[in-house]
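A short write-up of the structure that comes next.
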Amino acid sequence: MKVVILAGGYGTRISEESHLRPKPMIEIGEKPILWHIMKIYSYYGYNDFIICLGYKGYMIKEFFADYYLHTSDITFDFTESNKMVIHNNVAEPWKVTLVDTGLNTQTGGRIKRIEKYVKNEPFLFTYGDGVSDININKLIEYHREKKVLATMTAIQPGGRFGVLNINDDTNKIECFTEKAKEDGGWINGGFMVLEPEIFRYIAGDSTVFERGPMENLALERRIAAYKHYAFWQCMDTQRDKYALERLWESGQAPWKVW
């Protein structure tokens with residue numbers, strides 16, 4: 001089963017870094033978050049990737065073209081015909097197809113453009129800015145049980161702000177508490193399983209996948225939610241990046257299942 005990853009957006013909400021490089025190339029622990037996402041899938045045995053490029057997509061191409069340079073110790077010996085020796089050769093069992101899906105193409109349009117690479121097979125799909133400790137095999141098993149066209153991982157992000165417990169009679173604050181995840185609604189956490197029929201729901205480049213196609217699937221009762229209660233975090237802002245960086249540096253990053 002192939003893994004499709006969206007990596008073409010502008011990443012405007014983390015513009016402090018995305019003005020220099022595409023959002024999926026922003027690093028956590030000296031590796032792009034895209035690499036972390038791929039390592040999650042690879043742990044479960046899914047190593048055939050299709051990456052949808054757009055904004056500054058050439059930087060993602062260059063990363064994979066020079067993968068050994070990024071991940072290995074290398075000796076350049078100019079005394080022996082410009083010989084290059086790769087020492088600790090880091091080999092990934094990956095096949096990576098990088099597809100230019102347009103600069104301003106919407107999410108659905110990007111998926112539509114890679115149809116010829118997926119062909120008539122179910123595929124895994126996610127965004128290039130979120131990590132999780134989700135069990136991919138259980139997600140796929142759940143999808144097959146539900147017999148739907150799409151299964152979306154649903155997560156509860158919880159609140160970013162503390163909650164004030166205020167006395168109704170006096171309006172005095174009695175205590176401060178953290179808002180529990182269970183108090184919030186479920187949202188799209190990415191990490192989806194899609195059947196090839198999904199392409200019929202996408203009109204073209206201007207289609208936003210999360211609107212028309214998903215809304216129509218919901219009306220037809222052909223999309224299921226796989227509720228994930230454990231770790232999930234997107235890198236939407238600089239604050240999110242710092243939080244992920246701290247987890248990685250602590251050696252306790254929940255998404256590091258490999």
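Every number here is computed from the coordinates shown, using simple stated rules; none is lab data. Just so you know, these numbers come straight off a predicted model, no measurement behind them. Positions of Cβ are generated from backbone atoms using ideal geometry, with glycine treated the same way; all protein chains shown enter the neighbour counts.
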Point-to-point label distance, SER250-TYR58, nm (Cα→Cβ direction, 7 Å offset)
4.0 nm
A chain fully extended from PHE199 to ASP236 at 0.36 nm per residue, minus the present Cα-Cα distance, gains in nm 10.6 nm
Relative to the longest principal Cα axis of the chain, at what angle does helix 136-146 sit, 0 to 90 degrees, rounded to 10?
60 degrees
For the chain the mean separation of alpha carbon contacts under 8 Å (6+ apart) over residue count, i.e. relative contact order in percent, is 24 percent
For segment 99-148, which chymotrypsin sites (Phe, Trp or Tyr not before Pro) pass both filters: DSSP loop (anything but H, G, I, E, B) and at most 16 other C-beta atoms within 10 Å?
none
Would you mind telling me the antiparallel percentage of the DSSP bridges in the chain, rounded to 5?
50 percent
Residues SER81, SER18, sorted so that the one with the fewest Cβ neighbours within 10 Å comes first:
SER81, SER18
Exposed trypsin sites (Lys or Arg not before Pro) being those in a DSSP loop with at most 16 other Cβ atoms within 10 Å, the longest stretch of the chain free of them is 1-118
How long is the gain from ALA65 to ASN216 if the chain were fully straight, where each residue apart is worth 0.36 nm and the alpha carbon distance is subtracted?
50.4 nm
Highest GNM mean-square fluctuation among ASP168, ASP129, ASP73, for the chain with Cα springs under 10 Å, belongs to ASP168
Hypothetical label at LYS95: residues of segment 45-62 whose amide nitrogen lies under 15 Å (7 Å Cα-Cβ projection):
45-51
Sites matching chymotrypsin sites (Phe, Trp or Tyr not before Pro) across segment 1-105 that sit in DSSP coil, with at most 13 neighbouring C-beta atoms within 10 Å
PHE78
When the chain is modelled as a GNM with alpha-carbon springs shorter than 10 Å, which of ALA203, ALA154, ALA224 fluctuates the most?
ALA203
CD proxy, 222 nm, the chain: helix-only mean residue ellipticity via -39,500 (n - 2.57) per DSSP H run with n ≥ 4, per residue, nearest 500, stands at -7500 deg cm²/dmol
The simple spin-label model distance between LYS147 and ASP169, using points 7 Å out along Cα→Cβ, in nm, is 5.8 nm
With +1 on the Cβ of every Lys and Arg and -1 on the Cβ of every Asp and Glu, and nothing else charged, how large is the dipole of the chain about its Cα centre, in debye rounded to the nearest 20?
720 debye
